[in-house]
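> The structure's right below; bear with me while I get my questions together.
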Amino acid sequence: MKLVKQIIYAMIASFLSFLINISILFILTEYIGVYYVVSALISNSLAAIFGFTYNKNVTFQHKGKYLIKSLQFFFINSCAIAINILLLYSFTELGMYYLVSQIIASIITFSIGFLFLKHWIFKK
């Protein structure tokens, strides 16, 4: 039951992070005129900060070792952002609309990210 609860909370965290990511990506790209790859880097980073905080406090209710856990998280998230940006760029350059590319890239990186959160970063 605990695993199911964690998966549900992780999905909520991911959904909210995704909304933050897509919203900032869209606003920066469409309204401010920032290149979509740069917008994605900024939006992914801000969504990651939210995701870490939510997962630490709500999903896994992890106490202590904040510095170590945050460094682990941001290491994994930096790798995920790099993969996300690579996928976003590749799909978009192949002719896909950048927001659709971001949705697909986010789904792929979420799956990998949860496993690292559960089994490495917030392992009890």
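Where a number appears in this text, it was derived from the coordinates with a stated rule and is not lab data. Just so we're clear, the structure is a prediction, and the values are computed from it rather than from any experiment. Glycine also receives a Cβ, built like all others from the backbone with ideal geometry; neighbour counts cover every protein chain displayed.
> Would you mind checking which residues have amide H under 5 Å from V34's amide H? H placed 1.01 Å from N; only 5 or more apart, or other chain.
So V34 has HN proximity to T29.
> Could you state the angle between the C-alpha long axis of helix 66-93 and the longest principal axis of the C-alpha atoms of the chain, as a value from 0 to 90 degrees rounded to the nearest 10?
Tilt relative to the chain: about 30 degrees.
> Quick one: helix 36-54 against the long Cα principal axis of the chain, what's the angle to the nearest 10°, folded into 0 to 90?
20
> Shifting gears a bit: Given that just one value was derived from the coordinates, which of (1) 16.1; (2) 17.0; (3) 14.7 is Kirkwood radius over Cα pairs in Å?
Evaluating Kirkwood radius over Cα pairs in Å on these atoms matches (3).
> For helix 98-116, report the angle its Cα long axis makes with the longest principal axis of the Cα atoms of the chain; keep it between 0 and 90° and round to the nearest 10°.
On a 0 to 90 degree scale, this one is about 20.
> Sequence gap of 8 or more, or different chains, plus Cα separation below 19 Å: how many lysine pairs satisfy both in the chain?
So the count of such lysine pairs works out to 24.
> In nm, to one decimal, how far is the modelled label at Y35 from the one at L99, with both set 7 Å along Cα→Cβ?
2.3
> Same structure again: With unit charges on the beta carbons (Lys and Arg positive, Asp and Glu negative) and the dipole taken about the Cα centre of the chain, which residue among S70, I103, T29 sits farthest to the positive side?
The listed residue farthest towards the positive side: S70.
> Let me ask something additional. Taking a label point 7 Å from the Cα of K63 along the Cα→Cβ vector, which residues of the range 1-29 have an amide N closer than 15 Å to it?
none
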